[in-house]
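Structure first, then comments.
The values are calculated or read from the model by the stated rules, or taken from the named source; none is laboratory data. Since the structure is predicted, the reported quantities are computational estimates derived from the model, not experimental observations. Because the Cβ atoms are built from the backbone with ideal geometry, glycine has one as well, and the counts that use them run over all protein chains shown. Remember, those area values only see protein heavy atoms, side chains included, never the ligands or the DNA or RNA. Shrake-Rupley method; radii C 1.70, N 1.55, O 1.52, S 1.80 Å.
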Amino acid sequence: MRWKLTTRVHFPSMKQLRLIRALFVLLCLVPVASRAQAPVHEPRRIPVTLKSDDVLPTGNEWIALPDVRAIDGALTTFNVLSLRDRGLLQVSGGNSVPVLRPQFSIDDTSIPLKNPAWELIEYWIPTAHQTSAGAEMTLTYCAPPGSHAAFIHMTLTNRRAETIHVALGLNASWGELDRVTYTPVALRGERTMAPTPWVDPGEVFSFITDDTHFAWSLVYPGATAEVNGPPTSAAPALNIQKTGTLAPGQTIQADFVLGVGVEEFSAAHGAQALRELLDRHGADEIIRQAATWCRKRIRTTGHTDLDVLMNRNYLFTALYAWGKTLDTEQTVGVTSRSPRYYVSAAYWDRDAMLWSFPGLLDIDTDLAREALGYALGIQLRNTGTHSRFIDGVVLEDGFQLDEGVAPVIAMGEYMKRTDDDAFLKAHRDAIVLLRDRLLGRFDENIGLFSSLQDSQDEYQKAPFLTYDNVLAWHALRDLALLFDRLGEPAVARDLSMRADALHQSILQHCVGTPPGSSESIFAAATDGKSFVFTDIPPGSLMKLPTLGFVSEDDPLFTRTYSWLHSKAYKYSYADEPFGLPGSYRLPFTTSWTVADHLLLARGKEMALKVLRTSGWDGGIITEGVEPHGAVMDSEGRAFATAAGYIAHAICESSCVAPPGK
């Protein structure tokens, strides 16, 4: 049986079709119009004042360019993280020669950069500008986030009235490969240079033992290169040039791409991938994209000088206290990826979790999560031990209580900021281990926790440190909250009771009367019978109000503050214009003390004075400054974890909208 179709089909009239078409076009235009009206942020360029011996660090998670010289734009070294080598692999030119040196010439006459004007694009990407010999020259170093490469962007504009012949170039020297953990150690092997495999034009530089240990490459589109090596040069070397003829007002530009890899192909193709992006989008757009990444991670105080210091050091802690290993592609933490720091490329729980981590939480919670996962992962088995290699193996032995509780405090802050219960549950076993390790340091006779070494990494004969026990009190409270979130209320109640008891024990046993005084103050350490009256700047008594242990106007704390800032204390530097309490180990105004005073009403003015007066390490935080003139401490330069501590303190005290509030 067949069914008869009785429903009539009505087709739209021409008038209706025109109306539908008009509506369709209008709907298509709406998102276009919205996109057209969206604000486009041009990258900010921040002028920086530098001395001729200053350097500018830049880089990304894969490659660090720690020492672009302010005087001439040359790159002294670059490095990558290697888990196999338990630290940095650092490439240098050898014999005090920079690994990369830019070159400009006009009509076969070299026009060197001499103390050019420097700007930082979004606080991180260094660009130099110089006008001389009738030309404008620029130089920019950019390591786009996510790339296994960086590039050097050079331009020259003819400002003369006549046509000129120009060359933009780069000299490369492959002089030495060092393994760096604390100090550089030269690796023994063969350094070679050959054409980049499957990439043209370019050269790959290999370090070979029984196999290729590491490789890096230079790819130079549109340019030519002259290859040199022993015996005509001391090391494998490359002289790259891009030439052109410029009429008045014309500009030439060149991009030289530096890639890194575990062997020749990966080094070459890391550079090749970035070269392809440069070809597709152009250097300006790649720089803009990198600048956008930086811009998402900056904050403002409303004061230009503080913003420059804060944001440079926020980015420095994110990219120099943390990075990815080239050989295993995992995030690891270090004191600093810059060889300028005297104990670079090693891991401290305190540095990572108490100093750098708060800065990460302020600007990049995803990176903070990775960092915390690393602390609770490969580093967990030796948490609390003085210092370790990046694979968790012990470097310097000795238990430090503040380091033992550092990951707990970091987890507490992370949970307050993110409510990431899934992460907490995934790391419950690690939290239990840390709790049990902490409780294992408890001395029932005095009701305090013991430590072998203090926060400045020095042995203390008196085992009970006041600041460290206050940290333990804070950690017990954090543990109580964490176990409550884990649905274990009985454990949480026990930890809360322990915290309350510890609070009383600290007030009972860590308070005494210093020489020359009739009033009691907090001591730095005790054995239960006698006291040590000093300050320990990386674990200062000035931190007690910020930790919530006492209020800033508590009489006991105000007396402690007054004594440490008086001439009764040998290291008070009370009569110096930039003096804040130090110690025998750190006899100057330290960056930690500056940060701690910044968060105190009584100390903020002096802290701001130090911050604004010192040039630090070309704007990057050091261990401290000399109390008389605020000149940086030269050994503790490029201190990436302390950079996060200072940046966080600046933002907590002065940001227009403090993070997490």
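Cα centroid distance between the stretch 276-333 and the stretch 578-610, in Å?
About 28 Å separates the Cα centre of the stretch 276-333 from the one of the stretch 578-610.
Given just the C-alpha atoms of the stretch 142-245, how large is their convex hull per residue in cubic angstrom?
Values: hull volume 17.1 nm³, N = 104.
Spelled out: Cα convex hull of the stretch 142-245, divided by residues, is 165 Å³.
What residues have an amide H closer than 5 Å to that of residue 78, excluding those fewer than 5 places away on the same chain, when H is modeled at 1.01 Å from N in the peptide plane?
91
With +1 assigned to the C-beta of every Lys and Arg and -1 to the C-beta of every Asp and Glu, and no other charges, what is the dipole magnitude of the stretch 588-660 about the Cα centre in debye, to the nearest 20?
The dipole magnitude comes to about 260 debye.
Determine the shape class of the stretch 509-614: with a ≥ b ≥ c the square roots of the Cα gyration tensor eigenvalues, call it rounded for a/c under 1.5, and otherwise prolate if a/b is greater than b/c, oblate otherwise. Walk me through the numbers before you get to the answer.
Details: a/c = 1.79, a/b = 1.44, b/c = 1.25.
Judged from the Cα gyration tensor, the stretch 509-614 comes out prolate (a/c at least 1.5, a/b above b/c).
Given DSSP loops and a limit of at most 15 other Cβ atoms within 10 Å, what is the longest stretch of the chain that contains no such GluC sites (Glu not before Pro)?
Answer - 163-328.
Using the Kirkwood formula on the Cα atoms of the stretch 364-435, what hydrodynamic radius do you get, in angstrom to one decimal? Could you put the intermediate results ahead of the total?
Details: mean 1/r = 0.0797 Å⁻¹.
Kirkwood radius, the stretch 364-435: 12.5 Å.
Using Cα pairs under 8 angstrom and six or more residues apart, how large is the relative contact order of the chain, in percent?
11
Report the net charge of residues surrounding residue 133, where surrounding means a beta-carbon distance below 14 angstrom and charges are Lys +1, Arg +1, Asp -1, Glu -1.
That works out to -1.
Run through the stretch 437-481 and list the trypsin sites (Lys or Arg not before Pro) located in a DSSP loop whose Cβ has at most 10 other Cβ atoms within 10 Å.
461
From zero up to wherever the largest Cα-Cα distance of the stretch 613-652 sits, split into 10 Å bins and tell me the percent of pairs in each.
33, 54, 12
Can you pull out the trypsin sites (Lys or Arg not before Pro) in the stretch 49-107 that DSSP calls coil and that have at most 15 other Cβ atoms within 10 Å?
51, 84
With equal scatterers on the alpha carbons only and no solvent term, can you work out the Debye log10 of I(q)/I(0) for the chain at 0.05, 0.07, 0.08, 0.11 1/Å?
For the requested q values the scattering log ratios are -0.28, -0.52, -0.66, -1.08.
In whole angstrom, and with the biggest value first, how far do the Cα coordinates of the stretch 463-549 range along each principal axis?
If we take the Cα atoms of the stretch 463-549, the spans are 52, 24, 21 Å.
With a sphere of radius 15 Å drawn around the Cβ of residue 190, what net charge do the other residues whose Cβ falls strictly inside it have (Lys, Arg +1; Asp, Glu -1)?
Residues near residue 190 contribute -3 overall.
Going from most exposed to least, what order do 585, 159 have by accessible area with a 1.4 Å probe?
159, 585
May I ask for the angle, rounded to the nearest 10°, between helix 14-37 and the longest principal axis of the chain, with both axes built from Cα atoms and the value confined to 0 to 90°?
50
Let me make sure I get this right: for the stretch 318-408, a, b and c are the square roots of the gyration tensor eigenvalues over alpha carbons, sorted descending. Under 1.5 in a/c it's rounded, otherwise prolate if a/b > b/c, else oblate. Which is it?
The shape class here is rounded.
So how much slack lies between residue 365 and residue 517, counting 0.36 nm per residue of separation and subtracting their Cα-Cα distance, in nm?
Taking 0.36 nm per residue and subtracting the Cα distance, the gain is 50.1 nm.
Ignoring the sites themselves, what is the longest stretch of the chain with no chymotrypsin sites (Phe, Trp or Tyr not before Pro) in a DSSP loop and at most 15 other beta-carbon atoms within 10 Å?
199-583
Taking Cα centroids, how far is the stretch 472-545 from the stretch 167-245 in Å?
55
Can you pull the percent of Cα pairs in the stretch 43-154 with separation above 19 Å? Walk me through the intermediate numbers first.
Numbers: 2945 of 6216 pairs.
The proportion of pairs with Cα distances above 19 Å equals 47 percent.
Quick one: accessible surface of residue 493, probe radius 1.4 Å, all protein chains present, in square angstrom to the nearest 10.
Ignoring ligands and nucleic acids, residue 493 comes out at about 140 Å².
What is the local net charge at residue 623, summed over the other residues whose Cβ is closer than 9 Å to its Cβ (Lys, Arg +1; Asp, Glu -1)?
-1
Relative to the longest principal axis of the chain, what angle (0 to 90°, nearest 10) does the C-alpha long axis of helix 428-439 take?
Computed tilt is about 40 degrees.
Using only the alpha-carbon atoms, how far is helix 264-281 inclined from the longest principal axis of the chain? Give it as 0 to 90 degrees, nearest 10.
The two axes meet at around 70 degrees.
What is the Å³ per residue value for the convex hull set by the Cα atoms of the stretch 409-504? Present the calculation step by step, with values, prior to reporting the outcome.
On the way: hull volume 9.8 nm³, N = 96.
Dividing the Cα hull volume of the stretch 409-504 by its residue count gives 102 Å³.
Looking at 115, 512, 634, which one has the Cα that reaches farthest to the positive end of the dipole of the chain (charges on Cβ: Lys, Arg +1; Asp, Glu -1)?
Of the options given, the answer is 115.
Within the stretch 178-230, which trypsin sites (Lys or Arg not before Pro) sit in a loop by DSSP and count at most 14 neighbouring Cβ atoms inside 10 Å?
Listed in order of number, the matching sites are 188.
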